[in-house]
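Down below is the structure, laid out as structure tokens.
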Amino acid sequence: MGPRAVADSARLAFLFCTTGLSPLGMAAPSMKERQACWGARDEYWKCLDENTEDASQCKKLRSSFESSCPQQWIKYFDKRRDYLKFKEKFEAGQFQPSKTTAKS
């Protein structure tokens, strides 16, 4: 299990503990189910990285991601990816605030 999987596992465990709910409304996913979810997520994210101009190329991988992961996890991973991409641009000096943000 890589560092990303360990960090995600810790965050998801925190969600379970603080909300008292599992993402499926029942028992937490098994290790095999978690690994399938993370693998589907990683393949989908890789496709998005390779097809930055046309995300529609990744529809099948998105469907696989959605069918492999609990809905709460999908929301979390989508937000996490948005944050990581923002952070990457910001740290590279490529972030340009919108015109409405720059005026405030």
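The values are calculated or read from the model by the stated rules, or taken from the named source; none is laboratory data. Being a predicted model, the structure only gives us computed values, none of them experimental. These accessible areas exclude ligands, DNA and RNA; they are computed on the full protein's heavy atoms, side chains included. Shrake-Rupley method; radii C 1.70, N 1.55, O 1.52, S 1.80 Å.
Some notes on this structure:
- At a probe radius of 1.4 angstrom, the accessible area of the range 22-89 per residue rounds to 67 square angstrom.
- Accessible area of residue 50 in the full protein assembly, 1.4 Å probe (Å², nearest 10): 130
- Pairs over the 26 Å Cα-Cα cut-off, from the set 32/79; 46/75; 32/60; 32/89: 32/89.
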